1. Quick one: is residue 144 at pLDDT 95 or above and over 21 Å from the mean Cα position of the chain (by Cα)?
2. Of the residues 188, 206, 240, which single one is farther than 25 Å from residue 122 by Cβ, modelled with pLDDT under 95, aliphatic (A, V, I, L, M) and open to solvent by less than 70 Å² (accessible area, probe 1.4 Å)?
3. For residue 172, which of the numbered conditions (1) more than 19 Å from residue 233 (Cβ to Cβ); (2) open to solvent by 50 Å² or more (accessible area, probe 1.4 Å); (3) in contact (Cβ under 8 Å) with a residue 60 or more places away in the chain; (4) not in a strand (DSSP E or B) fails to hold?
4. Among the residues of the stretch 46-73 satisfying the criterion of being farther than 18 Å from residue 15 by Cα and in contact with a Leu (Cβ under 7 Å, 6 or more places away or on another chain), which is modelled with the lowest pLDDT?
5. When both residues are 6+ apart or on different chains and their Cβ atoms are under 8 Å apart, which pairs have a first residue that lies in the stretch 68-97 and is closer than 15 Å to residue 43 by Cα, and a second that is surrounded by fewer than 17 Cβ atoms within 10 Å (Cβ to Cβ) and small (Gly, Ala, Ser)?
6. Which residues, taken from the stretch 3-36, are at pLDDT below 90 and touching a helix residue (DSSP H, G or I) at 6+ places or on another chain (Cβ under 9 Å)?
7. Which residue, of 167, 182, is assigned to a strand (DSSP E or B), in contact (Cβ under 8 Å) with a residue 12 or more places away in the chain and either open to solvent by less than 70 Å² (accessible area, probe 1.4 Å) or of a type in the set (Val, Ile, Thr) (or both)?
8. Would you say residue 110 is among the hydroxyl-bearing types (Ser, Thr, Tyr) and either within 28 Å of residue 28 (Cα to Cα) or without any contact (Cβ under 8 Å) to a residue 24 or more places away in the chain (or both)?
Amino acid sequence: MRDVQKERDSRQVAIDRVGVRSVSWPILVMDRENGTQSTVASISMSVLLPHEYRGTHMSRFIETLEECKGKVGPATLEALTELLRFKLDATEAEIEFQFPYFVRKPAPASGILSYMRCDASLKGIYKENTFDMIAGVEVCVQTLCPCSKEISLHGAHSQRTKVRLSVRMDELVWFEEMIQMVERSASAPLYTLLKREDEKYVTEMAYANPRFVEDVVRDIAVELNGDGRVKWYDVMVVSAESIHNHDAFAAISRDKRVEGHESV
């Protein structure tokens, strides 16, 4: 049968990334508290396509995915990325898993347990004969405006703030650790289930701990700078302002391996 994808292309243009995306797939990821956690990922897979090939074999991406048997972690991600590169005869390959991740959280005053969702990701990159992995979380927290508190006789405006944190690491950093790092930087964490005593607690906690987006991103950066397991990080903090029709944001990206980037 004719292999159209392998036909020669005369345009002399290599394609940086070609593949499949938005592949929905059940996976099993590492969970610090329970060992593993079942979830459903949206997956993107791609390779570099040399200029001489007309196309790639899309079916081989899904064939590669079948090889992991649903288990996704640092070791399997490296093996999958290498297998993808081999199957597609490519020098570069990428696989990214994006998925909901749940932690069990006690309410701050009543202690009642409930699940809290954040969004997590694992990305494997094979390039220049080297494997690299980026782990990330996206966590919602509460921030209360320091300026509003300072100038107001009664109360202060607060907002839901989304923090996206990505790291490259030399040693394992758990999703739970990243989530807790984000929550420590905020005015107050969020919870799925709150009784009245819990609502009072988090309201007063936020008021006692006002934070700008600049405060949040800097506090996370300070923790990451002091964590010897982390060699690179990217932090984006976006606040859905409650008294403005726009968002506020702050971002820091640092490669700790590069001289001069060890501090903020």
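1. Working: at pLDDT 95 or above: yes; over 21 Å from the mean Cα position of the chain (by Cα): yes.
Spelling it out, residue 144 is indeed at pLDDT 95 or above and over 21 Å from the mean Cα position of the chain (by Cα).
2. Details: 188 fails: modelled with pLDDT under 95; 206 fails: modelled with pLDDT under 95.
Of 188, 206, 240, the one residue that is farther than 25 Å from residue 122 by Cβ, modelled with pLDDT under 95, aliphatic (A, V, I, L, M) and open to solvent by less than 70 Å² (accessible area, probe 1.4 Å) is 240.
3. (1)
4. Among those residues, the one meeting the criterion is 68.
5. These pairs meet every condition: 68/79; 97/42.
6. Step one: filter the stretch 3-36 for residues at pLDDT below 90, giving 3-17.
Within the stretch 3-36, 5 is the sole residue that qualifies.
7. Details: 182 fails: assigned to a strand (DSSP E or B).
None of the other options fit; the residue is 167.
8. Working: among the hydroxyl-bearing types (Ser, Thr, Tyr): yes; either within 28 Å of residue 28 (Cα to Cα) or without any contact (Cβ under 8 Å) to a residue 24 or more places away in the chain (or both): no.
Spelling it out, it is not the case that residue 110 is among the hydroxyl-bearing types (Ser, Thr, Tyr) and either within 28 Å of residue 28 (Cα to Cα) or without any contact (Cβ under 8 Å) to a residue 24 or more places away in the chain (or both).
The values are calculated or read from the model by the stated rules, or taken from the named source; none is laboratory data. Keep in mind the model is a prediction, meaning the values are calculated, not measured. Cβ atoms come from the backbone with ideal geometry, glycine included; neighbour counts cover every protein chain shown. Side chains are part of the model used for accessible areas, which takes the heavy atoms of the whole protein and leaves out ligands, DNA and RNA. Shrake-Rupley method; radii C 1.70, N 1.55, O 1.52, S 1.80 Å.
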